[in-house]
Amino acid sequence: MEYEKFLEDDIVKVKFRYWLNWGYYDPESIEEGQWAFDVFPDGTVKYFAYPRTSRRILDKEVVHIEKDRVIDFYQNVIRLYRSPTEIIKCEVCDGCSYELTITYSDNRERKMHGDLGGGTVDKTVTDFLCTILEMKIKLERV
């Protein structure tokens with residue numbers, strides 16, 4: 001199946017992960033350096049914070065929102081992959097980079113990478129997450 005033909009009903013998860021590109025690296029650090037948000041079709045939104053180079057969870061939160069809000073978000077994310085969508089990328093050398101992963105029901109994944117800086121992809125995702133008070137607070141901590 002072509003990605004162009006996938007619909008929001010085909011998505012089982014959207015993951016938005018971002019991380020710091022600068023700072024002192026200490027493998028024993030317990031300071032947050034990467035974050036992830038998982039958005040599921042049932043309205044579950046999960047947040048995780050990790051050290052920069054580890055998968056050890058330092059903070060996590062789970063909230064539930066209306067399924068309709070998730071479907072609207074999925075539709076916006078799908079539009080990012082469809083032509084003729086013009087993707088504006090903002091490159092930032094010392095800020096944060098991101099990876100957006102869409103997981104489909106047939107286990108295929110589609111990924112986009114970039115830097116946080118107000119580009120089309122990161123703005124679409126962060127604007128949605130900021131509509132959820134608990135997630136907005138997490139985003140504002142960085």
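Data table
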| item | result |
| --- | --- |
| Residue check, Arg82 on the phi < 0 side of the Ramachandran plot and either loosely packed, with under 11 Cβ neighbours inside 10 Å or at pLDDT 85 or above (or both) | yes |
| Scope segment 115-135; condition assigned to a helix (DSSP H, G or I), in contact with a Leu (Cβ under 7 Å, 6 or more places away or on another chain) and closer than 15 Å to Phe37 by Cβ; matching residues | Val121, Asp122, Thr124, Val125, Thr126, Leu129, Met135 |
| Test: residue in segment 49-63 that is under 16 Å from the mean Cα position of the chain (by Cα), crowded, with 18+ Cβ neighbours inside 10 Å and modelled with pLDDT under 95 | yes |
| Arg141 being in contact with a helix residue (DSSP H, G or I) (Cβ under 9 Å, 6 or more places away or on another chain) and either surrounded by fewer than 19 Cβ atoms within 10 Å (Cβ to Cβ) or touching a residue at least 60 places away in the same chain (Cβ under 8 Å) (or both) | no |
| Residue, nearest to Val39 (Cα to Cα), within segment 95-114, restricted to residues that are touching a residue at least 60 places away in the same chain (Cβ under 8 Å) and among the acidic types (Asp, Glu) | Glu99 |
| Residue satisfying all of: in segment 93-130; hydrophobic (A, V, I, L, M, F, W, C) and surrounded by fewer than 15 Cβ atoms within 10 Å (Cβ to Cβ); modelled with the highest pLDDT among these | Cys130 |
| Test for Phe73: is it surrounded by 19 or more Cβ atoms within 10 Å (Cβ to Cβ) and in contact (Cβ under 8 Å) with a residue 12 or more places away in the chain | yes |
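The values are calculated or read from the model by the stated rules, or taken from the named source; none is laboratory data. Keep in mind that what you see is a predicted model, and the values were worked out from it rather than measured. Positions of Cβ are generated from backbone atoms using ideal geometry, with glycine treated the same way; all protein chains shown enter the neighbour counts.
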